[in-house]
Structures are given as C-alpha cells and as structure tokens.
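To start, the structure itself, in structure tokens.
The values are calculated or read from the model by the stated rules, or taken from the named source; none is laboratory data. This structure is a prediction, so every number in the text was calculated from the model and none was measured. Backbone-built Cβ (ideal geometry, glycine too); neighbour counts: all protein chains shown. SASA here: full protein model, heavy atoms, side chains in, ligands and nucleic acids out. Shrake-Rupley method; radii C 1.70, N 1.55, O 1.52, S 1.80 Å.
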Amino acid sequence: MKKALITGITGQDGSFLAEFLLARDYEVHGIVRRASTFNTDRLDSIYADPHEQGSSLHLHYGDVTDGAALRHVIKKVQPDEIYNLAAQSHVRVSFDQAEYTADVVATGTLRLLEALRDYAGSAGRRIRFYQAGSSEMYGATKPPQNETTPFYPRSPYAVSKVAAHWYAVNYREAYKLFICNGILFNHESERRGETFVTRKITRALGRIKLGLQKKLFLGNLDSRRDWGFAGDYVEAMWLMLQAPEPDDYVVSTGESHSVREFLNLAGEYCGLDWTQYVETDPRYFRPTEVDYLMGDSSKARRMLDWKPKVRFEDLVRLMVEHDIELAQQELTLATAGHKVVVRGMAHG
Ligand code: NAP
Ligand code: G4F
C-alpha cells in the first residue's frame, strides 16, 4: 500500500486528490491547520472518526510556516509521495497580505523541500514530490502559455509561486530529488472556495433565483481564464508522479472564456438575466490584473496521456445545479425561521 502526504488537504484540490488516491488504495495522510472551527467540511464524504479502525485517511495538525512540524509529520508518516497544495491561494487577498502569502507559498514550499531533502537522505528510496504551480505565474505574457513561456507574475501570490517553482527546480537539480511542478490553469468545481469568481457567481445566482439575495458585486468582467474541472486536474498531479522521470507540465483545457461569458452561461442555466443583478465594486479590482490565460497542455497530453474530461459548459452547469440545490436547502431553513447569512459579498 503506497502512502501519500498532502498539504492543503482541506482545500478544493486536496479533497479531490484524497478521494482519487483512496480509490487507488493509497493510505492518505493530510496536514490540517488548527482552526477554532472545523475546517474539514470538504473531507466529510471520506472522513472517518480516528477511533474507528481501518480508515485509510489520517489527518495531522501542521502548518507550512512551521518547519519542525513538517519534519515530524514526514518522519512519522514515511510517505512515498508528497503533494504540496497548501497555499494562501487568493490573488486579490495576496495584495493585502503580501508578506504572509510569501511566507506560506514561497518559504512554505522551501521548508517542505528542506524536510524532503533530509528525509529522502535517510529513507533510502526515492520520494516523489508534487509542487502546485499556477498559471498566474505567466501573468502578463501572451497566450497560449506552455512550459517554455517566460513567467511575468502580476501579484504577490504569483511572485511567490514563481519562487516556489524555482526552489523546486533547484532542489531537483541540486539533490537529484524526484520533484514535479504542475503548472495548473484555473480549475473549479462545486467545492471551489466561495470568494473565487466562478463560485461567487454560481452561489449568488442560485440565491438570487430563490429570492435569498438581491445583488452580486463583482470586479473586472473582461479578464479571460482557461477554466477546467478540479477532479480532472488532480489526476494530472498523480500522473506526473508516476512518470519515469520528474518534469514540469502545464495542465489546462486550451479554451479561454471571459468572466462575462461565464456569467452569460450561468445566467442562462439559472433562467436569469444577470445584468439585472450584477453591479461593479472597485474593491474587487486588482492593482495589476492578469488579462488573458489560455494554456497549451500538449506536453501533458503527449507524455502523461492526460486530457480533461469535463468541458466548460458542463462545468458551469454542474456548479449552477449544485448551488441552486444549496440555495433550496437555505430557503428551507429560512422558511423554518433560521437566519441565512450571505457572506460572500464583503470579501474576494
Ligand atoms: P484552496 O481551496 O484555497 O486550498 C488551500 C489549502 O491550503 C487549504 O487546505 C488551506 O487550509 C491550506 N493552507 C493555507 N495556508 C496554509 C498553511 N499556512 N499551512 C498549511 N496549509 C495551509 O486552494 P485549491 O484551489 O485547492 O488549490 C490547491 C493548490 O493549487 C494551491 O497551492 C493553489 O495555489 C494551487 N493552484 C490552484 C489553482 C486553482 O485554480 N484552483 C490553479 C493553480 C494552482 P484551510 O482549509 O485551513 O484554509
Ligand atoms: O476567480 P479568481 O479570483 O481566480 P484567479 O485570480 O484567476 O486565481 C485562481 O486561479 C489561479 C490559476 O491561474 C490560482 F493559482 C489561484 O490560486 C486561484 O485559484 O479571479 C478570476 C478573474 C480575475 O481576473 C478577477 O479580477 O475574475 C476576476 N473577477 C471579477 N470579479 C473577480 C471578481 N475575482 C474574484 N475573486 N472576485 C470578484 O468579485
């Protein structure tokens, strides 16, 4: 039985990856931050109480800002594969929390690589390491972007991801470690955080349709993103670590759409004219924007035999349908006298 250790297991990708690996008979270990409330909602379908015998999912407290804790967990778990997904992953927020973002995203990766380096030396076998890189690293460079496209990061988040990318390349070359950088373009799902634009839109339109919300405040509607489905993208992460040699890969659909186009389609599936409800709020503009991302993932398709299965239209539909159902549940609660709080409007 192979063992995998995932940082960021409670996030969107971490939860899909954990399910994917459990279905392949891995023993899955995840690092979870201590919070004052439970932060494991996305793991509900695979979580088992630690008192129950036989569960293949194990959670450990830790934080990528705490190098000693990372070393302890790695020593205890003795993983075959490590997936570094932990991040302050919100681009707009990274302008407000630049130092913290760098500490988690850039130095956090360095801490984990240092822990890997020490552990790999003592383990006597090749541990495989995945680094969650981002298309944000391309920033201002023209599409289509592939593995040879120069980086031109446009936010503290993106600069930190570039640093993490090069730390990973350097540790691969300097210490002959098996490290892959996945350069993933935007990927979404019904588990996407509610302050990212796609989920913010589907969540709000679901509520507006059922009369639970009146307005949706957004920023720049003209930027274009290459949006895929998170479930497809975690397969690419795993495939990278099964390859004979470590390398870096772009993962994308090759299609790009504007935020406005996303709104058009989501509005159509909801039966709503979104222009009646959407207003611009400059607080959601970024000091420097990334205008146009569209990935060329031909290397991953050729070398890993990977391709995305869920198309843009199906992605929007699955998110809309999920969020109408969620709004329906909220309406039921509201009708029974419970307060429904719309949190999404003040952040991200
Ligand atoms: P996400 O939903 O925001 O999840 C981020 C995860 O990192 C959460 O589990 C979070 O824990 C954890 N985390 C944050 N700070 C941490 C810290 N200091 N120590 C340990 N864990 C910490 O992000 P995602 O969409 O799943 O993305 C996964 C990774 O891929 C991230 O590195 C992201 O930057 C990168 N990426 C994402 C996309 C995308 O489109 N989704 C594209 C390219 C790259 P809490 O649950 O406690 O907050
Ligand atoms: O959904 P977003 O916040 O995602 P963004 O900035 O592209 O970053 C995501 O994808 C990256 C991969 O390229 C990841 F690395 C990163 O961790 C994250 O997952 O914004 C998408 C676009 C932007 O151009 C933004 O300006 O939507 C625009 N937008 C317009 N109104 C908005 C809003 N974004 C957010 N979050 N909220 C708005 O109200």
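Observations
- In segment 61-81, residue farthest from ligand 2 (Cβ to nearest atom) [restricted to those that are over 26 Å from Met1 (Cα atoms) and open to solvent by 50 Å² or more (accessible area, probe 1.4 Å)]: Ala68
- Which listed residue, of Leu22, Leu43, is more than 16 Å from ligand 2 (Cβ to nearest atom), assigned by TED's automatic domain parsing to the domain that holds Ala132, within 15 Å of the chain's Cα centre (by Cα) and modelled with pLDDT of 95 or more: Leu43
- Matching option when the condition is assigned by TED's automatic domain parsing to the domain that holds Ala86 and either modelled with pLDDT under 95 or in contact with a strand residue (DSSP E or B) (Cβ under 7 Å, 6 or more places away or on another chain) (or both), among Pro156, Pro150, Pro144: Pro144
- Those residues of segment 141-173 which are of a type in the set (A, V, I, L, M, F, W, C) and not in a helix (DSSP H, G or I), in sequence order: Phe151
- Answer from Arg117, Arg111, Arg126 - the residue that is at pLDDT below 95, assigned by TED's automatic domain parsing to the domain that holds Asn39 and either among the charged types (D, E, K, R) or within 15 Å of ligand 1 (Cβ to nearest atom) (or both): Arg126
- Within segment 144-181, if we keep just the residues that are of a type in the set (Ser, Thr, Tyr) and more than 23 Å from Ala236 (Cβ to Cβ), the residue that is most open to solvent (accessible area, probe 1.4 Å) turns out to be Tyr152.
- Conditions (1) farther than 25 Å from Tyr152 by Cα; (2) open to solvent by 70 Å² or more (accessible area, probe 1.4 Å): number failed by Pro287: (1)
- Within segment 114-138, the residues that satisfy the criterion of being surrounded by fewer than 24 Cβ atoms within 10 Å (Cβ to Cβ) and in a helix (DSSP H, G or I) are Glu114, Ala115, Arg117, Asp118, Tyr119, Ala120, Gly121, Ser122, Ala123.
- Subset of segment 82-113 that is part of a loop (DSSP other than H, G, I, E, B) and out of contact with any strand residue (DSSP E or B) (no Cβ under 6 Å at 6 or more places or on another chain) - its residue that is surrounded by the most Cβ atoms within 10 Å (Cβ to Cβ): Ala87
- Cross-chain or 6+ apart pairs with Cβ under 8 Å, segment 175-204 first and over 12 Å from His322 (Cα atoms) and assigned to a helix (DSSP H, G or I), then open to solvent by less than 10 Å² (accessible area, probe 1.4 Å) and away from ligand 2 (no atom under 11 Å from the Cβ): Thr198/Val316; Thr198/Met319; Ile201/Ala266
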